[in-house]
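The values are calculated or read from the model by the stated rules, or taken from the named source; none is laboratory data. Please read these numbers as outputs of a predicted model, since none were measured by experiment. Quick reminder, even Gly has a Cβ in these numbers, built from the backbone with ideal geometry, and neighbours come from all protein chains shown.
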Amino acid sequence: MNATTMKRQHLIDPAICIRCNTCEDTCPIDAITHDANNYVVDFDKCEECRLCVSPCPTGAIDNWHLVSRPWTLEEQFSWDDLPPQETPSADAPAEPEPGEVAAIREVATSATGSRLPPPFSAAHPYVNLYTRERPAVARVAGNYRITDAAAESDIHHIVLDFGHQAFPVLEGQSIGIIPPGEDARGRPHMMRLYSVASPRDGERPDHNNLSLTVKRVAGGVASNYVCDLKKDDTVQVTGPFGDAFLMPNHREANIVMICTGTGAAPFRAFTERRRRAMRDATGKLMLFFGARTAGELPYFGPLTKLPASLIDTNLAFSRVPGEPKHYVQDRMRQRADDLAALLASEHTFVFICGLKGMEQGCDEALVEICRDRGLDWPALQAEMRRQGRFHVETY
Ligand code: A2P
């Protein structure tokens, strides 16, 4: 079948769609409908006005397949996944690219003029969908301690379920939690921000939930509230927040992740995204993770089970009895050759998350590592910042 005789069909990806009904509400000509299983687009009605595309919280709406025979509504209702694209013949004219892809490519052109692959997902970081005045209400699906029972740090993995509310997040985004009650001066408690620890398709794949990694802080209002939550409790949530500290979405991206303690949360999301949906990625994941001991390191068990082919894990323990103190920057120095090789690539992104104090130590290590290998870290860092390839979130 020659592509010139093929038709372009607007389809909704059932694996991503969260059934929020936004598209059906938006469509001015009732071309979108649904049954108990799926939301679908009627080929005979859709005029490709694309008004439904930008309101869609997940991007599930933005699929345009070349088809030799349009899929019927009944066929679309039965899908769990989109069918594979048909291959146009070699002499087929190129199809126009849908939506904003051309604009996104423009933005992704680096300051040096070389072209970076576009982070497609970064076109859709939704922020401020829910506010203090109009929060989402999530249900606690689980709350688990993830540091050893004997460990000093009491760190919890909390799963929040959003039911039928649209709460789309990308890896690297945060949410706000509003603790109930008032402070000593009678004012409502302030909202606290927590990084999301699960990938975009949910803590449980294809469920409308997400997870957080929260450390109990002595006297802390929000951390104690969150760490004490019981299954089926409800929580007021704001956000999502953040449109810069986002996982690069292209398969060639090398991602260097440097963290301490609960700073690991976004990197769990990045790693799970790669593990679940990007097994064929050619870019490397390199993690430097600092904690007092193995027992104090959140997700120690699951993390150490991940294969070396997925992630290059470097742990730094600072308080193991009888052993010298190790910080992430010490491990970075030990891996200097490999780290420098990654830093020299325009496909490499660096993310730092955790204690404020680690910033200076990491910077000094990077200066040293680069200097000894013919790279100028301050200049490279400035270029990486300009290109959105260097991000820091510390507290
Ligand atoms: P330390 O044992 O010296 O406190 P925490 O458990 O307090 O969240 O800290 C996580 C890890 O970060 C610990 O191993 C801690 O070491 C380490 N750490 C503390 N300060 C720094 C720093 N300036 N640079 C790197 N790591 C640090």
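Tabulated results
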item	result
Residue among Asp372, Asp337, Asp376 that is modelled with pLDDT under 95, more than 18 Å from Cys259 (Cα to Cα) and more than 26 Å from the chain's Cα centre (by Cα)	Asp372
Residue within region 311-328 that is modelled with pLDDT under 95 and more than 16 Å from the ligand (Cβ to nearest atom) present	no
Members of region 371-383 found to be assigned to a helix (DSSP H, G or I) and either within 15 Å of the ligand (Cβ to nearest atom) or surrounded by fewer than 19 Cβ atoms within 10 Å (Cβ to Cβ) (or both), listed by number	Arg371, Pro378, Ala379, Leu380, Gln381, Ala382, Glu383
Scan of region 336-365 for residues that are surrounded by fewer than 16 Cβ atoms within 10 Å (Cβ to Cβ), farther than 22 Å from Glu171 by Cβ and within 16 Å of the ligand (Cβ to nearest atom), ordered by number	Lys356, Gly357, Gln360, Glu364
Subset of region 297-344 (residues that are of a type in the set (Asp, Glu) and in a helix (DSSP H, G or I))	Asp330, Asp337, Asp338
Unique match (being more than 12 Å from the ligand (Cβ to nearest atom) and under 16 Å from Ile255 (Cα atoms)) among Glu368, Glu393	Glu393
Residue in region 257-264 that is touching a Cys at 6+ places or on another chain (Cβ under 6 Å), under 20 Å from Phe390 (Cβ atoms), within 16 Å of the ligand (Cβ to nearest atom) and not in a strand (DSSP E or B) present	yes
Qualifying residue in region 311-326 (condition: in contact with a Ser or Thr (Cβ under 9 Å, 6 or more places away or on another chain) and among the polar types (S, T, N, Q))	yes
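Per-residue answers, yes or no, for (1) part of a loop (DSSP other than H, G, I, E, B); (2) at pLDDT 90 or above; (3) under 23 Å from Asp201 (Cα atoms); (4) charged (D, E, K, R):
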residue	(1), (2), (3), (4)
Asp13	yes, no, yes, yes
Arg19	yes, no, yes, yes
Val40	no, yes, yes, no
Cys46	yes, yes, no, no
Trp79	yes, yes, yes, no
Pro93	yes, no, no, no
